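Everything below concerns the one structure shown next.
The values are calculated or read from the model by the stated rules, or taken from the named source; none is laboratory data. Everything numeric in this text was worked out from a predicted model, so none of it was measured. Cβ coordinates were reconstructed from backbone atoms using ideal geometry, including for glycine residues, and neighbour counts include every protein chain displayed.
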Amino acid sequence: MKRKILISGFGGQGIMVAGIVLGEAAIKENLEVTFFPSYGAEMRGGTANCKVIISNEKIGSPNFKNPDVLISMNQQSFDRFSKDVKKGGIVVFNSSICKAGNVSGVNVYGIPANEIAEKVGSLKSANMVIIGYLLKIDGFLDIEKVYDVIGIVFSKKKEFIDINKNALKEGYNYGKESSFK
Amino acid sequence: MRRLWKGNYALVEGAIAGGCEAYFGYPITPQNEVTEYMSVRMRELGRVFLQAESELAAINMVFGAALTGKRVMTTSSSPGISLMQEGISYLVGCELPCVVVNVQRGGPGLGNIQGAQGDYFQAVKGGGHGDYKLFVLAPSTVQEMYEMTKKAFNIAFKYRNPVMILTDGVLGQMMEPAEIEESVKCKGQSVREIEDLGWNLTGCKGRVPRFIRSLLMGEGELEDHNYKLQEKFLKMKEDLDYEEEGAEDADVILIGYGLCARINFEVYTTLRKKGLKIGYLRPKTLYPFPERRIRELARRKKKFLVVEMSCGQMVEDVKLSVNGESEVYFYGRPGGGVPEVEMIINKIEEIIR
């Protein structure tokens, strides 16, 4: 098992946190994981991305060009990175503020993450909505482990623990209802 | 408990666990998290944190604090480390222990802020003026960012010499699982208490004054001092460290340090699964260098492929070690480029053919 995941969006959309949640959940499953953020001047202009590799073998470089999975939280991310996704890979995008462009050879899934996040209590939890949806599409991590780590990752912001857990659940359930291959 | 740790933060916890009592630094990407996190942690622990006005100031503050026998440290990235070279030469000349971390970025000049390995020569061949060596450690994982920084202070005091941790922006910025115990404040700890180590400046009340200097103008004085230093640099081989896998029956051995060693390991496991006789060797100390082991393997006609994030620096030390007994090949990318597994595999296929 190996997944190279690129998470990209605006600063403030919880891009880094989404990567850390996946990473901590991978540790719970005794998998190897690396996390590599965009940093320095790359962050100017308000975009952020992080690269997560989850594998059952030791990981070489944490950086990569071609992801298996792209999580696109805004339009710029879709336009910039969807062409880099490996053939047969997955693009999950936030359809509240992003339209799917023309990409071939990859599986594209949209979810209105902003609306769902607002419904569970905070727009800021859109990142967890989309993680939940991804794990329904591609179950490389046990969703239960992700619930567990939310408590750890948000231990300093206790009021967000339940909102994030609900956001994750809603994203996962949205996956159950929608039809995909 | 295994948790995700950022390389730069792990390095700070390593320094604290290694007993670092004073940190002097100046911000530069990609090591800013070190200065940032130090500013919080050193204060929590009642130790010294000082943001200097420049890298020159920082290394000279290290110089001053090191004179008192305290465990001191500074960190920077490539251009900042260049600025520190004069101070580092003085520290070696005065035989003062300290830890200097270089979270390398692309060069020359201001370069960029991607991880790179272009400062190998500077780290292991001196860097500043004069005949000298630093003890150089090269971590390859976030766990090692912690372990090696912790260990660096003991080595610095064992040899009374600066120790350099040579790492890069990728290892500094990345996160991966590591087991790290966050140090907490111990009762009665005070940086103001100065222990007499027999050489440090403690205030000479009741004893003969000591002199620590690198200006040695007496006839033959500096020559003798240099011989003494050289003896010490040779003695550092006691703490030589490297790891290898599959080298014994290998036809081609991959050599790399830091991030490149991780990539090499991926290549090694991939090709071993295909039945190719590939070996893996990683120097954990860059000075001292595992030259004897490499020569031994070269005499058995094993070929070497050195992989670096540079146009080829460590490859020269491998060639010196091999000393013409076998063939040495190189693959590298400069300026922040990271060697890719597929490219290294192609290179190996060329060598085997």
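Values as computed for the structure displayed
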| quantity | calculated |
| --- | --- |
| Unmet criterion (only one of (1) out of contact with any Leu (no Cβ under 9 Å at 6 or more places or on another chain); (2) in a helix (DSSP H, G or I); (3) in contact (Cβ under 8 Å) with a residue 12 or more places away in the chain) for B:Gly337 | (2) |
| Check on A:Ser38, modelled with pLDDT under 95, of a type outside the set (Phe, Trp, Tyr) and under 21 Å from B:Arg3 (Cα atoms) | yes |
| Restricting segment B:152-198 to residues that are small (Gly, Ala, Ser) and within 14 Å of another protein chain (Cβ to nearest Cβ), the residue that is surrounded by the most Cβ atoms within 10 Å (Cβ to Cβ) | B:Gly172 |
| Qualifying residues in segment A:39-68 (those that are assigned to a strand (DSSP E or B) and within 14 Å of chain B (Cβ to nearest Cβ)) - the one farthest from B:Arg262 (Cα to Cα) | A:Ala48 |
| Residues satisfying the stated conditions in segment B:298-334, i.e. free of Cβ contacts under 8 Å to residues at least 40 places away in the same chain, out of contact with any strand residue (DSSP E or B) (no Cβ under 7 Å at 6 or more places or on another chain) and of a type in the set (S, T, N, Q) | B:Ser321, B:Asn323 |
| Number of positions in segment A:69-88 that are part of a loop (DSSP other than H, G, I, E, B) and out of contact with any Lys or Arg (no Cβ under 9 Å at 6 or more places or on another chain) | 5 |
| Test result for B:Ala116, more than 14 Å from chain A (Cβ to nearest Cβ) and touching a strand residue (DSSP E or B) at 6+ places or on another chain (Cβ under 7 Å) | no |
| Single residue of segment B:314-328 satisfying the filter (surrounded by fewer than 17 Cβ atoms within 10 Å (Cβ to Cβ) and in a helix (DSSP H, G or I)) that is farthest from the chain's Cα centre (by Cα) | B:Leu320 |
| Residue in segment B:222-235 that is free of Cβ contacts under 8 Å to residues at least 24 places away in the same chain, out of contact with any Lys or Arg (no Cβ under 7 Å at 6 or more places or on another chain) and within 14 Å of another protein chain (Cβ to nearest Cβ) present | no |
| Tabulated pairs, segment B:20-31, first hydrophobic (A, V, I, L, M, F, W, C), second at pLDDT 95 or above and part of a loop (DSSP other than H, G, I, E, B), C-beta under 6 angstrom, 6+ apart or interchain | B:Cys20/B:Arg71; B:Ala22/B:Lys70; B:Phe24/B:Ala52; B:Ile28/B:Ser77 |
| Among the residues listed as A:Ser55, A:Ser82, the single one being at negative phi, in contact with a helix residue (DSSP H, G or I) (Cβ under 9 Å, 6 or more places away or on another chain), among the polar types (S, T, N, Q) and modelled with pLDDT of 95 or more | A:Ser55 |
| Among residues of segment B:199-231, those that are farther than 21 Å from B:Thr68 by Cα and buried (at least 16 other Cβ atoms within 10 Å of the Cβ), counted | 0 |
| Selected residue (criterion: farthest from the other protein chains (Cβ to nearest Cβ)) from residues of segment A:13-38 that are small (Gly, Ala, Ser) and either surrounded by 18 or more Cβ atoms within 10 Å (Cβ to Cβ) or in contact (Cβ under 8 Å) with a residue 40 or more places away in the chain (or both) | A:Gly14 |
| Residues being more than 13 Å from B:Pro79 (Cβ to Cβ) and either touching a Pro at 6+ places or on another chain (Cβ under 9 Å) or touching a residue at least 60 places away in the same chain (Cβ under 8 Å) (or both) - total across segment B:47-64 | 4 |
| Hits in segment B:24-65 (condition: over 19 Å from B:Leu166 (Cα atoms), in contact with a Phe, Trp or Tyr (Cβ under 7 Å, 6 or more places away or on another chain) and small (Gly, Ala, Ser)) | B:Ser39, B:Ala52, B:Ser54 |
| Evaluation of B:Ile16 against (1) assigned to a helix (DSSP H, G or I); (2) under 25 Å from B:Gln114 (Cα atoms); (3) not charged (D, E, K, R) (one fails), failing number | (2) |
| Check on A:Ile71, buried (at least 24 other Cβ atoms within 10 Å of the Cβ) and either away from chain B (no Cβ under 14 Å) or at pLDDT below 95 (or both) | yes |
| Condition met for A:Val108 (assigned to a strand (DSSP E or B), away from every other protein chain (no Cβ under 14 Å) and of a type in the set (Val, Ile, Thr)) | yes |
